1. Can you run down the residue pairs with Cβ atoms below 8 Å, 6 or more apart or on separate chains, where the first is in segment 231-245 and under 15 Å from Tyr297 (Cβ atoms) and within 16 Å of the ligand (Cβ to nearest atom) and the partner is polar (S, T, N, Q) and in a helix (DSSP H, G or I)?
2. When you scan segment 310-332, how many residues do you find that are more than 14 Å from the ligand (Cβ to nearest atom) and in contact with a Phe, Trp or Tyr (Cβ under 7 Å, 6 or more places away or on another chain)?
3. Mind listing whichever residues of segment 313-339 are outside any helix (DSSP H, G or I) and either in contact (Cβ under 8 Å) with a residue 24 or more places away in the chain or in contact with an Asp or Glu (Cβ under 9 Å, 6 or more places away or on another chain) (or both)?
4. Of a type in the set (Lys, Arg) and within 20 Å of Phe36 (Cβ to Cβ): which single residue out of Lys139, Lys176 fits that description?
5. So Lys248 passes all but one of these: (1) part of a loop (DSSP other than H, G, I, E, B); (2) within 14 Å of the ligand (Cβ to nearest atom); (3) farther than 24 Å from Phe371 by Cα. Which condition number does it fail?
6. Could you please find all residues in segment 340-356 being closer than 20 Å to Asn388 by Cα, without any contact (Cβ under 8 Å) to a residue 24 or more places away in the chain and either hydrophobic (A, V, I, L, M, F, W, C) or not in a helix (DSSP H, G or I) (or both)?
7. Restricted to segment 259-284, and to residues that are small (Gly, Ala, Ser) and part of a helix (DSSP H, G or I), which residue is farthest from the ligand (Cβ to nearest atom)?
Amino acid sequence: MDTNTQRLLHTFSALADLGQEIAAAGDFDEMLRTSFHLLLGSLAIRRGAVGEYERDLGALRFVAARGLGESLTGPLALSTDHARRLSSLGSSISLADAGKEAERFLEDHKDAFASVEIDLVLPLVVREELIGVVLLGEKATGEKFTDEDLEVLSALSRHIGVGIHSHRLIDEVEHKAAENLRLYEGLRAIYKETVRAFAAAIDIKDRYTQGHSVRVGKYSEIIAREMGWADEEVEGITIAGYLHDIGKLIVDLSVINSPDRFNAKEQKEMNRHPYAGYEILSPISHPYADIPLMARYHHERMDGNGYPDGLKGDQIPPGAKIVTLADSFDAMTTDRPYRKKLPLEDVLEDFRVNTGTQFDPEVVCAFCRAFLKEIEGSKERRLLNLLNRNYSNIESVTPLLNKLLSEFDDGAIAASANN
Ligand SMILES: [Fe+2]
């Protein structure tokens, strides 16, 4: 095999190694260093460096170097003119131009390169943009560089240039994604604050149910968490709880604030609110699924006797079933114009009687488990804190909660709640 063929094979092998190196995920600077050493090795070049061109700084940041001693301790300035000239020479630079660029480079950076020689400067250009430069010293053999050598070096340099360019693109995409995420989170925070403001507005209209919407949101959150819902879904159900009665905004104020139980006409007016809520919420693009449906179906019942659509069992979305229970619990545990709040024992008895017909057993059991865990102290007191201002001796309902669980839960879940 003659020398040229050997060299050609060597170059192909270096190119293949370089391709693999660039394609491999991992530390970018490390990849660049390895690639550069492959390039030096391909022609047994003793010293050199590869630097990324930072356009904003007007400087070269060197990421790999060999045999240059203390010459490259920091970035080296590269004027815009110089960068423009290098980029116009491009990847197909001639040997003579690469030599001239080396001389200019040494002239511009006399201090840094007082004791070392650079023979060639190869610009790394991708899509007519200067990405970086490769500085190269002499060959170990002392022979002069040939046009063939330059072809080899240019091919390897192009690979490195493309590697740097791709890395920059990925960086840029990651940066944009992070920025989008920040914007999205900002919007989400605004959305949540707006929802809270809406909840407060709904509750202000109804002077007998102050704080109802916010409490329903919080009870719904506690239940959904106990049911093992994902964080995102729990956030969604909390919002649905806040907004479930938003349809009351269109119900006649005199009906809402009537001090007596509703007559048939008033009840009909009042029963418009779930569907009205759905209509209000539907045109809004919510960051969570099914918020309008949860408002629409929060007065449906498992037996199909609810409103507005008379849905039955599994036809009712799970979120709406949770809001239904949270809504009823808050309604029964707060004073209403026509009745005082019910004793907790009566509330739980109501749950027991209506589970399966009005309430979903799974939701009732999750509620009981969360309640019991708070009483036992194995869970933060959230439900108890919401109730505390109205009730004392809450712990006394432990047997009733266990009774509900044993009646409606399957054995395994009841056992785990009792442990
Ligand atoms: Fe309602």
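The values are calculated or read from the model by the stated rules, or taken from the named source; none is laboratory data. A quick note: this is a predicted structure, and the numbers were derived from the prediction, not measured. Cβ sites come from the backbone with ideal geometry, for glycine too, and all protein chains shown count toward neighbours.
1. Qualifying pairs under 8 Å: Ile237/Ser220; Ala240/Ser220; Gly241/Ser213; Gly241/Ser220; Leu243/Ser213; His244/Ser213; Asp245/Ser213.
2. 3
3. Ile316, Pro317, Thr333, Thr334, Asp335, Arg336, Pro337, Tyr338
4. Lys139
5. So the condition that Lys248 fails would be (1).
6. The answer is Lys340, Leu342, Pro343, Val347.
7. It comes out as Ala264.
Results for (1) β-branched (Val, Ile, Thr); (2) more than 34 Å from the chain's Cα centre (by Cα), shown as yes or no for each residue.
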| residue | (1), (2) |
| --- | --- |
| Asp111 | no, yes |
| Pro123 | no, yes |
| Arg127 | no, no |
| Val133 | yes, yes |
| Glu138 | no, yes |
| Asp149 | no, yes |
| Ile160 | yes, no |
| Arg168 | no, no |
| Ala177 | no, no |
